[in-house]
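The values are calculated or read from the model by the stated rules, or taken from the named source; none is laboratory data. All values derive from a computational prediction rather than experimental measurement. A quick note on method: Cβ atoms are made from the backbone with ideal geometry, for glycine too, and the neighbour counts reach across all protein chains shown. Just so you know, the surface numbers come from the protein's heavy atoms only, side chains and all, with ligands and any DNA or RNA stripped out. Shrake-Rupley method; radii C 1.70, N 1.55, O 1.52, S 1.80 Å.
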Protein chains: 2
Amino acid sequence: MRHRFVALCLGAVLSPVRAEEAKTPVPPTMAEVLASTSTSDWRVPDPDNTVYLDLEGGRVVIELAPAFAPAHAANIRQLARQKYWDGLTIVRVQENYVVQWGDPNAGEDGAARDLGEAKRRLPAEFAVPADAVSFTRLPDGDVYAPQVGWSAGFPVARDGADGKAWLAHCYAAVGAGRDNAADSSNGSELYVVTGHSPRHLDRNITLVGRVLLGMDVLGALPRGTGAMGFYERAEQRVPIKSIRLVADLPESERLPLQVMRTDTRTFERLVESRRNRHEDWFIVPVGKIELCNVPIPVRLVP
Amino acid sequence: MRHRFVALCLGAVLSPVRAEEAKTPVPPTMAEVLASTSTSDWRVPDPDNTVYLDLEGGRVVIELAPAFAPAHAANIRQLARQKYWDGLTIVRVQENYVVQWGDPNAGEDGAARDLGEAKRRLPAEFAVPADAVSFTRLPDGDVYAPQVGWSAGFPVARDGADGKAWLAHCYAAVGAGRDNAADSSNGSELYVVTGHSPRHLDRNITLVGRVLLGMDVLGALPRGTGAMGFYERAEQRVPIKSIRLVADLPESERLPLQVMRTDTRTFERLVESRRNRHEDWFIVPVGKIELCNVPIPVRLVP
């Protein structure tokens, strides 16, 4: 009966009997796609755009997206170099929404941590010209945007009418908190999407990147019991051991991380394996998939 | 700067200046809708279809959906009456997917807990005739199904072509684990969706209801480190104190819970308030919403 639990997620490999019955080519399973990748299907994230957030509970690896948020990416690099976040805290964990960190005293004269050489205020980076970034389209449509797909490993949305493209608020997206003014963020306060993707935030706030590894570390943090998931008492906040730019670390301290490219035939096959699930457990392959339900595989290759 | 954090979710009340500028009626905010409800906008869940799952960390309230899964609902009632789950455990917590509980020894001769008078195997209850259930439609489309909306408080999908309706795998949906055979579930092993809604499971497994309260209790459980989020060692499993049908509890032990009806003008206004966010913080109201992003408010009315 343990099998019953196991079956909910991934079934066994493709059944040859079913393939024969169908008399047509059956799409591969994700396991089959992963087993048949070549080196060129993977990329090593740029150390200058990769950040380690280290907590007591483990490491979170974030990839920045300078093609979409260059000013925020630069400020985040600067803040990491200054060790700005070390000893600050996760201040908010709201169920089905976000984990958020920064300086709880930010904005309070005298009490706030100095931003050093980082900028205090940055322009909103909500969207970019669509023709400035690559785009691999998902064919299945989207409730929130005319087109969705991927750009260099990030889930994105596009609008042909206004010629814009933007990072999508999928699960694991990382953004920069702001006040009511569009240009009031600076990247010192960051949030990660942890629940059902809040796509209504798209084009309303600057996304700066995406968590590649460690969502389990963030997802299991104690929920804040204050309004909107803020921790009510200072001692409830979760300390940040450090946030570092990988480029600032010696080679020996870098994880051998690789991310599947999103502009390849292999990724297309992976998407197809998730649009039509052919593991034995599945009965009705739906033939479609939401952007935010497509996994982007990551592997450690020591 | 604390304001910056706060602003990410809910802004202040509607600005009269903006309303005046627009010269057209501005939809209400969700806070405004909630502040103006009447008694008839709320319903008390049927005690015979409401279940309390009590863990060390708190209570989870589940509403069963007998209109969609009558056989499973009946078996779950029977199992609760037998106190079948008391002392069993949560066996699986997979990030961005499910929390799942039951008997880790189920199916093993001699080691499994007796199912008593409950049925061992139930028919698949993946979908029902669409005309057998009520339906309030969401106008914004859906990637996975031709139509989506709500039926008596549950997010549902429909297909006009085959005349079926089914519960949707939104965040907080509760389902019955099964083996590869469609009719291999019995409701003794249940899962709750905790991440981005895995809608590809729709029509592949029997959903039995939905969590009304306590998703924060489930969401913060330690992630299982085994394959697919199973706890690797027995001592990691999270004990279930009890699972009870509310109808079996004295009035004094029942929570005074009310759920917003989904077939009212008030709910329609609430949906509109989420399709077009007019809190001051928002800059671009998107004008659409995904089914699984629409909250169904719950309140305690002592």
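Might you check whether a residue that is within 11 Å of chain A (Cβ to nearest Cβ) and free of Cβ contacts under 8 Å to residues at least 12 places away in the same chain occurs anywhere in the stretch B:233-245? Taking every residue of the stretch B:233-245 in turn, none turns out to be within 11 Å of chain A (Cβ to nearest Cβ) and free of Cβ contacts under 8 Å to residues at least 12 places away in the same chain.
Scanning the stretch B:246-262 for residues that are of a type outside the set (A, V, I, L, M), under 20 Å from residue B:80 (Cα atoms) and in contact (Cβ under 8 Å) with a residue 12 or more places away in the chain yields a count of 2. The number of residues in the stretch A:173-189 being within 12 Å of chain B (Cβ to nearest Cβ), crowded, with 23+ Cβ neighbours inside 10 Å and among the hydrophobic types (A, V, I, L, M, F, W, C) comes to 2. Taken as a whole, the condition of being in contact with a Gly (Cβ under 8 Å, 6 or more places away or on another chain), buried (at least 23 other Cβ atoms within 10 Å of the Cβ) and in contact (Cβ under 8 Å) with a residue 60 or more places away in the chain applies to residue A:63. Could you say whether any residue in the stretch B:226-237 is open to solvent by less than 10 Å² (accessible area, probe 1.4 Å) and either in contact with a Ser or Thr (Cβ under 6 Å, 6 or more places away or on another chain) or closer than 26 Å to residue B:288 by Cα (or both)? No: the stretch B:226-237 contains no residue that is open to solvent by less than 10 Å² (accessible area, probe 1.4 Å) and either in contact with a Ser or Thr (Cβ under 6 Å, 6 or more places away or on another chain) or closer than 26 Å to residue B:288 by Cα (or both).
Looking at B:76, B:90, just one residue is among the β-branched types (Val, Ile, Thr), touching a Ser or Thr at 6+ places or on another chain (Cβ under 9 Å) and either more than 14 Å from every other protein chain (Cβ to nearest Cβ) or under 30 Å from residue A:286 (Cβ atoms) (or both), and that residue is B:76. On the given criteria, is residue A:217 at pLDDT 95 or above, open to solvent by less than 10 Å² (accessible area, probe 1.4 Å), more than 8 Å from chain B (Cβ to nearest Cβ) and in contact with a strand residue (DSSP E or B) (Cβ under 8 Å, 6 or more places away or on another chain)? The answer is no for residue A:217.
Counting residues in the stretch A:250-266 that are open to solvent by less than 20 Å² (accessible area, probe 1.4 Å), within 14 Å of another protein chain (Cβ to nearest Cβ) and closer than 19 Å to residue A:211 by Cβ gives zero.
One line per residue, one yes/no per condition, for (1) under 24 Å from residue A:183 (Cα atoms); (2) open to solvent by less than 40 Å² (accessible area, probe 1.4 Å):
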{"site": "A:127", "(1), (2)": "yes, yes"}
{"site": "A:134", "(1), (2)": "no, no"}
{"site": "A:137", "(1), (2)": "no, no"}
{"site": "A:141", "(1), (2)": "no, yes"}
{"site": "A:156", "(1), (2)": "yes, yes"}
{"site": "A:161", "(1), (2)": "no, no"}
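Look at residue A:124 and say whether it is modelled with pLDDT of 95 or more and either in contact with a strand residue (DSSP E or B) (Cβ under 8 Å, 6 or more places away or on another chain) or more than 9 Å from every other protein chain (Cβ to nearest Cβ) (or both). Answer is no for this residue. In the set (1) more than 7 Å from chain A (Cβ to nearest Cβ); (2) touching a residue at least 40 places away in the same chain (Cβ under 8 Å); (3) open to solvent by 20 Å² or more (accessible area, probe 1.4 Å), the condition left unmet by residue B:222 is number (1).
Checking each residue in the stretch B:116-157 for being hydrophobic (A, V, I, L, M, F, W, C), in contact (Cβ under 8 Å) with a residue 40 or more places away in the chain and in a loop (DSSP other than H, G, I, E, B) picks out B:118, B:122, B:124, B:126, B:127, B:133, B:138, B:143, B:145, B:152.
Being farther than 17 Å from residue A:211 by Cα, open to solvent by less than 40 Å² (accessible area, probe 1.4 Å) and not in a strand (DSSP E or B) is a property that holds for residue A:106. Would a scan of the stretch A:190-209 turn up a residue that is open to solvent by 10 Å² or more (accessible area, probe 1.4 Å), modelled with pLDDT of 95 or more and of a type in the set (Val, Ile, Thr)? Scanning the stretch A:190-209 turns up at least one residue that is open to solvent by 10 Å² or more (accessible area, probe 1.4 Å), modelled with pLDDT of 95 or more and of a type in the set (Val, Ile, Thr). Scanning the stretch B:158-172 for residues that are modelled with pLDDT of 95 or more and in a loop (DSSP other than H, G, I, E, B), we see that the one that is farthest from residue A:140 (Cα to Cα) is B:172.
Scanning the stretch B:267-296 for residues that are of a type outside the set (Lys, Arg), surrounded by fewer than 20 Cβ atoms within 10 Å (Cβ to Cβ) and away from every other protein chain (no Cβ under 14 Å) yields one hit, B:268.
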